Amino acid sequence: VRRYRDQGASVYLDADGEAFLSGVQAAPDLVKPNQEELGRWAGKTLETQEDILEAARKLMALGVKEVVVSMGGDGALFIGRDRGFHSPGLKVPVQSTVGAGDSMVAALAYGQEKGLKAEQRANAMGAASVMCTGTQPPEPEVIEKLYYQVILEEV
């Protein structure tokens, strides 16, 4: 994390366990734990949105700029220094959850690079990914259709 950040790259961390603990200490630009991973880091079960927000703020106190918490069918929370959004989960047929978080991170990075609404694109990409079997990528038309269904609620 430090090496790439020091070279001017934006660094996004999607990890668990020791890799998450070590990576967070190096203050990546964004971390994307799921609700359970964030709970393990916080040392408690995160049952409410307020619990999740509290843990995310503790990560940000360590120097992390943004925290995105995926919550499965309940959607995702996008927390930045001066803003926060909840994006409810989209109701889609689930084939496989493998790679859905990775797809969200890729959409966030792509959105940042292209100056797009990254939160909306990330939630659409995650939902489109779970509609596929295994780690097959979703069709662009599916992502676009879901993109327009994404709701962002300020928190």
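The values are calculated or read from the model by the stated rules, or taken from the named source; none is laboratory data. Owing to the predicted nature of the structure, the values given are computational and were not obtained by experimental measurement. Every residue, glycine among them, receives a Cβ derived from its backbone with ideal geometry; neighbour counts consider all protein chains shown. We work out accessible area using only protein heavy atoms, side chains counted, and drop any ligands, DNA or RNA first. Shrake-Rupley method; radii C 1.70, N 1.55, O 1.52, S 1.80 Å.
Of the accessible area of the stretch 67-138, with the probe set at 1.4 angstrom, what percent is carbon plus sulfur?
Here it works out to 52 percent.
Figure the gain on full extension for Lys145 and Glu18 (residue separation times 0.36 nm, minus the Cα-Cα span) and round it to one decimal in nm.
Stretched fully, the Lys145-Glu18 segment lengthens by 42.0 nm.
Would you work out which of Met71, Tyr148, Trp41 lies farthest towards the positive end of the dipole of the stretch 28-155? Charges go on Cβ: Lys and Arg +1, Asp and Glu -1.
Towards the positive end, the residue furthest out is Trp41.
Rank Met125, Met104, Met60 by mean-square fluctuation in a GNM of the chain with C-alpha springs under 10 angstrom and give only the top-ranked residue.
Met60
At 7 Å along Cα-to-Cβ for each site, give me the label-to-label distance between Thr135 and Lys117 in nm.
Label at Thr135, label at Lys117, 3.1 nm between them.
Give, to the nearest whole percent, the P(r) tail of the stretch 1-152 beyond 19 angstrom, counting all Cα pairs.
Across the stretch 1-152, Cα pairs with separations above 19 Å total 50 percent.
Based on the alpha-carbon set only, what is the convex hull volume of the stretch 115-155 divided per residue, in Å³?
82 Å³
Given labels modelled 7 Å from the Cα in the Cβ direction, how far is it in nm from Thr45 to Ser10?
Once both label points are built, they end up 3.6 nm from each other.
Can you give the three extents of the C-alpha atoms in the stretch 73-114 along their principal axes, from longest to shortest, in whole Å?
Here the spans come out as 35, 21, 14 Å, largest first.
Among the lysines, select those whose C-alpha is under 16 Å from the C-alpha of Lys58, and discard any that sit fewer than 8 residues away in the same chain.
Correct list for Lys58: Lys32, Lys44.
Sequence neighbours fewer than 8 away in the same chain don't count; with that in mind, list the aspartates and glutamates whose C-alpha is under 17 Å from Lys65.
Asp6, Asp14, Asp29, Glu54, Asp82, Glu113, Glu119
Enumerate by residue number the trypsin sites (Lys or Arg not before Pro) in the stretch 50-155 meeting two conditions: DSSP loop (anything except H, G, I, E, B), and at most 16 other Cβ atoms within 10 Å of the site's Cβ.
Lys65, Arg81, Arg83, Lys91, Lys117
I'd like the FRET efficiency for Arg57 and Val94, computed as 1/(1 + (r/R0)^6) with the beta carbon distance as r and R0 of 30 Å, rounded to 0.05.
E(calc), rounded to 0.05, equals 0.50.
Solvent-accessible area per residue for the chain at a 1.4 Å probe radius, Å²?
It amounts to 54 Å² per residue over the chain.
For a quick check, take a GNM of the chain with Cα springs below 10 Å and name the residue from Ala107, Ala26, Ala122 with the largest mean-square fluctuation.
Ala26
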